[in-house]
Amino acid sequence: MNGKDTTVRTRFAPSPTGYLHIGGLRTALYAYLFARKHGGKFILRIEDTDRTREVKGAVDIIISAMQKAGMDYDEGPIVGGDFGPYVQSERKEIYLKYAHELVARGGAYYCFCTKERLEELHANGATKYDKHCLNMSKKEIDERIARGEPYVIRQNIPEHGTSTYHDEVFGDITVDFKDLEDNILIKTDGMPTYNFANVIDDHLMGITHCIRGVEYLMSTPKYNLLYDAFGWERPVYVHLQPIMRDATHKLSKRDGDAGFEDFLRKGFLPHAIVNYIALLGWNPKDNREKLSMSELVELFSIDGLQKSSSIFDETKMRWLNSLYIKEMPQQEFHAAALPFYAEYGIDKCACDLEYLSELLQPRVEILSDIKEKAAFLTAFDTTAKTPFDLALFENKKWKTDAAMAKSIMDDCIEITKSATTDLGEKLNALAEAKGLKKGQVLWIYRIALTGAAATPGGGEEMVKLFGKPAALERLEKVKSAL
């Protein structure tokens, strides 16, 4: 990084392990917001050096998730850039070049120790590698490489002293070198480990601010030794506390939904998720909770990041999501609801789906609530002699039953035939004429039309939803069953 270049460059570097975890999405979001806030560049880099964990198609899942979340990246896979490739498995020769240079500088060394020796070392109580191969002569190294002996390249950590660096969230961090191990930088297959590749890539890609999880807080001195060995400028470090599912456990896929796509499938809106996770570890200082992406960019600052962990509260995210749903244009909500109608078989029901969306929009918090809220559409079996359990007419509050329903069904049918916009008024008049309470008639009418005790709207809305011919067909069916 050219010290005179003040352009902010941040990166998100996920491993392609199958899905984008909420914690990873938040890391990406903070890096994105910081870059956009300062007019900088946001880079996507795929860290796939551990090929054993790679899941086929995971890169596409990550890119798709970021697009849905509204985070466009300036450089990375597909879009390219001046510092590619942006997939680590395509950068093997770059890492080898710098690894050999690091060996020449004394910051690393070749290690030929077998698996058996390492196992014996640990069996004898060693807690880290003993630098057995550090002082091997160049001649011996060359001979063993020429014989084809497998080897790794290890970092040469000083045996004494400490390292101190500054983190923007946690302040000054000091680590004793004796607590660090000579980790492997290049594996026997010639591929780098994260400990090496992330430093090489961050430098070559000009990353100015390294925003990542707190699990790397105590490992950063190892990375700083690499920067120093090459004579490179260190980036600014920003370490983030994890998102927790409770006071003692991290949010994890093993414990249920923890992936961005999981929540989309449950019917959360993309920006509602983004908005919520932005507040898990960051405080905008004005106590606002509903924030657009442009507002997040405007308000985001590193000094608002918290040192303490945040607990993921799905109920709170549902509430925030409901605010976004209620503010959606009706046609936009309808378009978002259609896949859920198809999933639950609602699209095959004889009703006006656009009007159904109008009824449901103020009544759902997340789109999967549609399943419960629209269950009434399948509660009425038009093919059965008895379309639903007639015991539903029994209501202790209104003191209704099937006999009372039978006594007014002909009137309900005639009112439905003649009503235009005055259905409610005519039903109220029916109640008065029969000496019944309005609620008794309205309850019976709703049950007769839908076969359900709870619907998004009363009789007038249900007639409009089904259409008058279908509504009359339902009432006639109930009449014959009573």
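The values are calculated or read from the model by the stated rules, or taken from the named source; none is laboratory data. These numbers were taken from a predicted model, which means no experiment stands behind them. All Cβ positions, glycine included, derive from the backbone under ideal geometry; neighbour counts span all protein chains shown. With ligands, DNA and RNA removed, areas are computed over all heavy atoms of the protein, side chains included. Shrake-Rupley method; radii C 1.70, N 1.55, O 1.52, S 1.80 Å.
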Next item on the list: Identify all residues within the stretch 5-52 that are aliphatic (A, V, I, L, M) and either more than 18 Å from Tyr86 (Cβ to Cβ) or over 15 Å from the mean Cα position of the chain (by Cα) (or both); write none if there are none.
Entry: Val8, Ala13, Ile22, Leu25, Leu29, Ala31, Leu33, Ala35, Ile43, Leu44, Ile46
Checklist line | Where Phe263 falls short, out of the listed (1) in contact with an Asp or Glu (Cβ under 7 Å, 6 or more places away or on another chain); (2) of a type outside the set (Ser, Thr, Tyr); (3) open to solvent by 30 Å² or more (accessible area, probe 1.4 Å) | finding: (3)
Margin query: Looking at the stretch 43-82 only, could you name the residues that are over 20 Å from Arg9 (Cβ atoms), of a type in the set (Asp, Glu) and in contact with a strand residue (DSSP E or B) (Cβ under 8 Å, 6 or more places away or on another chain)?
Written below: Asp48
Note to self: From the list Ala13, Ala69, exactly one residue is open to solvent by 10 Å² or more (accessible area, probe 1.4 Å), small (Gly, Ala, Ser), closer than 26 Å to Pro242 by Cβ and touching a Leu at 6+ places or on another chain (Cβ under 9 Å). Which is it?
What the structure shows: Ala13
Margin query: Just to verify a result, which residue in the stretch 445-458, among those that are of a type outside the set (Gly, Ala, Ser) and not in a loop (DSSP other than H, G, I, E, B), is most open to solvent (accessible area, probe 1.4 Å)?
Written below: Arg446
Next item on the list: Would you please list the contacts, defined by Cβ atoms under 8 Å and residues six or more apart or on different chains, that run from a residue in the stretch 315-328 that is more than 14 Å from Ser357 (Cα to Cα) to a residue that is surrounded by fewer than 17 Cβ atoms within 10 Å (Cβ to Cβ)?
Entry: Leu320/Glu289; Leu320/Lys290; Leu323/Lys290; Tyr324/Lys290
Note to self: Show me the helices (runs of 4 or more DSSP H) entirely contained within the stretch 259-345 in which 3 or more residues are hydrophobic (A, V, I, L, M, F, W, C) and more than 21 Å from the chain's Cα centre (by Cα).
What the structure shows: 330-343
Next item on the list: Of the conditions (1) under 23 Å from Pro192 (Cα atoms); (2) at pLDDT below 95; (3) aliphatic (A, V, I, L, M); (4) crowded, with 16+ Cβ neighbours inside 10 Å, Ile94 clears all except one; give me its number.
Entry: (2)
Item checked: Single residue of Ile157, Ile173, Ile141 found to be touching a residue at least 24 places away in the same chain (Cβ under 8 Å), assigned to a strand (DSSP E or B) and either open to solvent by less than 30 Å² (accessible area, probe 1.4 Å) or of a type in the set (Lys, Arg) (or both) -> Ile173
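One residue is enough: does the stretch 291-306 have a residue meeting the conditions surrounded by 18 or more Cβ atoms within 10 Å (Cβ to Cβ), hydrophobic (A, V, I, L, M, F, W, C) and closer than 25 Å to Leu465 by Cβ?
No - not one qualifying residue is present in the stretch 291-306.
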